[in-house]
Structure formats: C-alpha cells, structure tokens
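Enquirer: Got a structure here, written out as structure tokens. Questions coming.
Every number here is computed from the coordinates shown, using simple stated rules; none is lab data. This is a predicted model, so every value here is computed, not measured. Here the Cβ positions follow ideal geometry from the backbone for every residue, glycine too, while neighbour counts run over all protein chains shown.
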Amino acid sequence: MTAQNPTVEHDFTGATIESTSYAGVRYKVRSALGEGAMGTAYFALRETGTGTAPAVLKVLHPSVVLSSPEAASLVMRKEAVALGRLNEVVPPNPFVVRLFETGTIEHELPTSAVEIPWLALEYVHGGPDGTTLRERVESQIEKAGHAFDMDRAHLAIESMTGGLSAVHGVGVVHRDMKPGNVLCCGFGRGELFKIADFGIARPMGMETTFGETMLGTPGYAAPEQCFPDHGAAGPWTDVFSFAATVFFLLTGEEYFETSNPAHALMLTNATERRKLADAEGLSPQLRALGPALESIDLALARATSSDPGRRPPSAELFAAGVLDALSIGPASVSASVPLPLELEKPREPSTGPLTWTVHPAPSEALDIRRAVWSSDGSCLALTSSGLEFWDGSAWLSCGALGAIDASALRFVQSSGPGSWTLGGEGSALLIFRTGGVVTLIEPVDHDLSFSASSGDADDLLLLAANRTDGPPVLVGMSARRWVKPFELEHAASISDLCRLSDTTWLVCGALNDGRGFAAIYDPLMWRVIETHVASCPLVACSSPGTGMALGVGTLGEAIRVTDAGATHEPRAGCDLWSVAIDRRLRGWAGAVGGIWTQPTPGMAWERAWADPSWPLAFTAVHANETRVLALSRDGGVVEGRSE
C-alpha cells in the first residue's frame, strides 16, 4: 500500500491509502482523533464499490517503526489477531469493535523509506454524551449529579460481560480493560458498550510479549501484569480490571486511586477496599439498595484480590453476582436514559446539515420483509430467503435458523443489544443472538400468526398476532410466561408496536372502517388505556425512550403520543412507511424514493433526501443526533451524517 501526499512525518491527514486485501477499497484520511506514544488514530472514510463508510485508522509513528521494527509489528499483530478471531461469526459480537483489515503504508523519510503498519477499525461515534465510558459517566454526573443508576449500569455490565466473554472465548486476554477503552454509542435501551484497544492483548498461540515491560494502566492492571511473580495472566486478569471499571461506572471515582504500579500493588494487597456507599457519585437509587449494595462490594473485593486464584475465573461469574444485586426491584426495568436533548439545560447547539451517502443501491436479489437497525449502524434484515446482516459496508448471510423455516417468519425486532426476536406463522417465535444462536419459545396458540413484537422475552414482551377467524390480538409475555391474549375488537390489523414505558406500548394499525388508530396498551393490566383515531391507517411507530412516540402512515398521516395525550401532526406529502425519532425529538420517515424529516414537533414535514429512481419504500429508519440510516425494501442503504 502507498499513502499519497502525507503532509508531515507524524501526520497522515489528507492521505489516501489503497487496500491490497480488497479490490476497489481505499481509505481517505480526514482528521486526527487522538495521539499516543506509539501512534495516531485517524478518522477516515472507507470507500468501496458500494459506498462510503466511516472508519478509524490506527497508524504507528514512523519513528517507532524505525527504532524498534519488531515491537511495532507486534503491537499491530496482537490487535489484528485478537479482533480477527471475532470477525468469523455473523452477526459479529456487538460488544467488541470490529476490525476491517490491516496493512502497511510505504512512507518516505528524509534518510530512508519505511513500512508503517496500520489497522482499520469500526468507527464509534458517541455523540453529545461522549464516546468512551469515562466520558459518558462524567456526562451523567454533570447532568444528573451522580453516576449510572442500576438500570443503566445493568445494561453496561451485561454488554461488557458479553464482550469480554467473546474475547476470552477466542483465547485472548485484553490486559488493558478500563473506562477509556470502552466505546459507547446510542442511548436508552439501544445504548451499546464496545470493548476497544487491544494493543497489549495477548492472543493464545502468540508467545511473544513486551519483555519485562509493565503492561496496563495502574489502578486497573492486575498485579500479575506488572509483577510476574504474582502469577500468569489469564481471563482472571481482565476480571480484575473489569471490577475496577464497574466501580467507576457506579461512582465516577477510581477504585484504586493511583498512577504508580508499586502503589497500586500496595493497595491491592490491603485487606480493605473502598465501599460504594462512601462514594459521592453513587446514585440515590443504588444507595437505597442496602444489603444488596454490600454484596456488590464483596464481589468487587473478590474480583480484585491480589491473588489471581481467589478471583472469579471468568467475567460471567463475576458479573452474575453484581447483576443479581442490580436486579432488585420491579420485574420490568428499562435502561435509564438521558433527557431528550431539546429538554436539557443549557440547550446544546444544533448539529450541522447532513451529508448523504448511498451505500449499496437497490438490488433485485434482496426482498426484505422487516429489518431493525442497531445504534452502531448495523442492521439485521429478515428476507424471503433468510436473515441478512448489514455490517456497515456489505450484506452478510446469517445462515440457517435451525428447524425454523425462514419463509414462515414475518418480523424481526431488537430485544436488546446483540439479541433479536423473530416470529411469524403458526405462532413461530424465537430469539436470535450474536453468532447465530437460536432459542425457540414454546407457542402460545398454533392458530396465531405473529406480525410484530416489542420488548424482551426475558423481561416483558408484547406481540401482535392475527388469526383466521376473529379480530387481531395482543399477546404479552412476562419473564417467559404468557399473558392472556387481548382482542382488539374494532381493529382490522395491527401493523407495529413500540414501547413507551416500562409497562406500556403504543400499538398502531387500521380499524374496520378504514381509518387508522394509535392505542396505548398495558399487558400486565390487560387493558387499553386510551385510543387515538387517525383518518388514514398507521403502518409504523417509534419511541426513542424519552416518553414520546411517533406513528406514521398512508397519505403522510402522523401522530405524536406522550403521557399527556396525542397530537395530530401536519401531514407529509406522500405515504410514510417507517419512522424514527432522535433525541432532539425530530421525526424521520421513509417513503418511496425518499426520506422525510419533521425538524420540530408541530412543524411541517420536509424532504431530507430523494431519488425518484428508487422504486420501493424505505421500510426501516434509524436516527440519532448526527446520523440517519434508511433501508429500502430491496436492500438499498442511504446514510445521512453530520460531521
């Protein structure tokens, strides 16, 4: 590979790097994201034959390569091997950053030429809440006066456990787990936490290490990383760092307040540990847990023992005790979310105009029935022939679904990070997880055919169903136990569901007289709380987890729903087939050959992007403060991004 026009020795901004692994792929380096002792991370655009996507390019400093070529190569090989092993499953693990490829840049120095190693990685943009876990905790403290509460902490710990388990499952020890190496995107129930920076990881099969160099970050690194006489590194090494990270996300404070390895060893050898209740940043909700809080203290103390043999041997075993304590309370608990940005004080400045990019154009090879976006920009789509996964640059087949015939399935819906609910004819219902893991759920009634769902089968799930005789029904499931079905007597069909709160859902569809409706339903109380009628059928709805939902439908119909009631919004100029709300409460909707936006509740809809040559509708839309993604029925992907 060659870099064209790098400006100075340590700055590759403006360079174009051609891939030798993939024909027609190149990286245009736009700006530096951060610099360390070994190299620089750049924001780059990854251009392929199907479109352009953001990426992170990690490039070693030329001086590092010149002074120690073997060590320089080792740094990149370790991260490439570690992440490469996780890229072999579809869908990939959402809790670890994805590796695109590796290579070298031929760089001319005044005295000689040098081959500089680089890595291309998934770009994670955290938005105004911050990109790293450290930034998100600090943002939470600034806005709310405390660190993560138990709902958000539960989600973060589950995510990091899933990432570490995957890393350890392919024989890798991270060895630098800390809040700054956990990247975040999305918010609310869709918030994702991804483990990053494998620069000092040690994959099994690679015996080379960094000699006697002390590895890791003091206060997070286990004693055996800095002092070999304390034992060998293994998954238990990351458990130590994981526990220190958990203390930080619960308090905003360091478990071991030190920047010195010797002082850190002294602290870990001490018999006493910091108590959560003594931390000023602990949320009032957690402070009220009492004995459960003490059990978390014990779990943290065991996980950070100076003796590796006394720690839990895996991330799952450590996290299990912490998550049990955090689960005390109502059975149905959703992740706490920041306020909508429009309601935060002071109000944050608006983002700039979106730059639109077409990724793959529509294709007759794909017939997408339903699809769901994740906050990292990936998408799982149910097609007429099976499941397809969009990884940000290409469609990948997910393989077979066991004994389930994919042609009988009618919907796919997110049930949490790395987990999806699918269902269809004959009461078919299953949970699909990262890596192709399928769990079947016992049917409630073989005469029912499911058409939509929202929620989590392990918590509280709501499904829309049709049957051959009679009106459509709503079927609830609480902790894998079915709730009595509820008939919507005057409805002709249910088109979509979205969760409004812990126990209420917005239900959209059509009435027998041809009008549309939006109803608020509580499956635990087995009742419709209120119903709002629209002049045209409603086909899609979305709630960002801010207590507001938006339903859209034919002839541009739109209804916003909050606890205070429903508001009929101005109509768009065409049929709307999908919808999303971002945290600024802006509406984004998909139509045939176009994407529409409502900049503020009550304002008129505007075209945000249009191409009349696209023949089919956009049936899945995702939006956050700086990014909009839309998927057409035939697999075309359009992205709008504000940089």
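Enquirer: Across the chain, how large is the tail of the calculated P(r) beyond 45 Å, expressed as a percent of all Cα pairs? Mind dumping the intermediate values first?
Expert: Details: 41086 of 206403 pairs.
Percentage above 45 Å: 20.
Enquirer: Based only on the alpha carbon positions, what is the Kirkwood hydrodynamic radius of the range 3-122, in angstrom?
Expert: About 14.7 Å for the range 3-122.
Enquirer: Now for a different question. Could you calculate the FRET efficiency of GLU442 with ASP469 from 1/(1 + (r/R0)^6), where r is the beta carbon distance between them and R0 is 25 Å, rounded to 0.05?
Expert: Plugging the Cβ-Cβ distance into 1/(1 + (r/R0)^6) gives 0.60.
Enquirer: Also, I was wondering about something else. For the chain, what does -39500 (n - 2.57) per DSSP helix run (n ≥ 4), summed and divided by total residues, give at 222 nm, in deg cm²/dmol to the nearest 500?
Expert: Using -39500 (n - 2.57) per qualifying helix, the result is -5500 deg cm²/dmol.
Enquirer: Follow-up question, since we're still on this one. Normalized C-alpha radius of gyration of the range 263-319, against 2.2 N^0.38 Å?
Expert: 1.23
Enquirer: So who's got an amide H within less than 5 Å of the one on THR132, skipping anything under 5 residues away but keeping other chains? H placed 1.01 Å off N, in plane.
Expert: CYS184
Enquirer: A follow-up question, please. Sort the range 432-591 into rounded, prolate or oblate with this rule: let a ≥ b ≥ c be the square roots of the eigenvalues of the Cα gyration tensor; rounded if a/c is under 1.5, and if a/c is not under 1.5, prolate when a/b is larger than b/c, oblate otherwise.
Expert: Prolate, since a/c reaches 1.5 and a/b exceeds b/c.
Enquirer: For the range 3-122, what's the relative contact order in percent, using C-alpha pairs closer than 8 Å and at least 6 residues apart?
Expert: Contact order relative to length: 20 percent.
Enquirer: Given that compact globular proteins tend to follow 2.2 N^0.38 Å, what is the ratio of the alpha-carbon Rg of the range 128-326 to that value?
Expert: Scaled against compact globular proteins, the figure is 0.96.
Enquirer: So how strong a dipole does the chain carry about its Cα centre when Lys and Arg Cβ are +1 and Asp and Glu Cβ are -1, to the nearest 20 debye?
Expert: The calculation lands at about 400 debye.
Enquirer: How do PHE187, PHE100 rank when sorted from fewest to most other Cβ atoms within 10 Å of their own Cβ?
Expert: Working: PHE187 28, PHE100 24.
Neighbour counts put them in this order, fewest first: PHE100, PHE187.
Enquirer: Post the alpha-carbon centroid distance, the range 161-183 to the range 262-316, in whole angstrom.
Expert: 19 Å
Enquirer: I need the calculated FRET efficiency for the pair ALA394 and LEU33, taking r as the beta carbon distance and R₀ as 25 Å, to the nearest 0.05.
Expert: The value I calculate is 0.55.
Enquirer: Taking the alpha-carbon centroid of each part, what is the distance from the range 414-462 to the range 230-258 in angstrom?
Expert: Rounded to whole Å, the Cα centres lie 36 Å apart.
Enquirer: Within the set LYS143/LYS275; LYS58/LYS178; LYS28/LYS178, which residue pairs have Cα atoms separated by over 22 Å?
Expert: LYS143/LYS275; LYS28/LYS178
Enquirer: Quick one: Cα centre-to-centre distance for the range 575-643 and the range 369-383, in angstrom?
Expert: Each part reduced to its Cα centre gives a spacing of 15 Å.
Enquirer: Under 17 Å from the 7 Å Cα→Cβ point of GLU106, by amide nitrogen: which residues of the range 21-43?
Expert: 21-22, 27
Enquirer: Points 7 angstrom from Cα along the Cβ direction at ARG481 and ARG310: gap in nanometres?
Expert: Here the answer is 4.1 nm between the modelled labels.
Enquirer: Which of the three applies to the range 355-641, rounded, prolate or oblate, going by the alpha-carbon gyration tensor with a ≥ b ≥ c and a/c under 1.5 meaning rounded?
Expert: oblate
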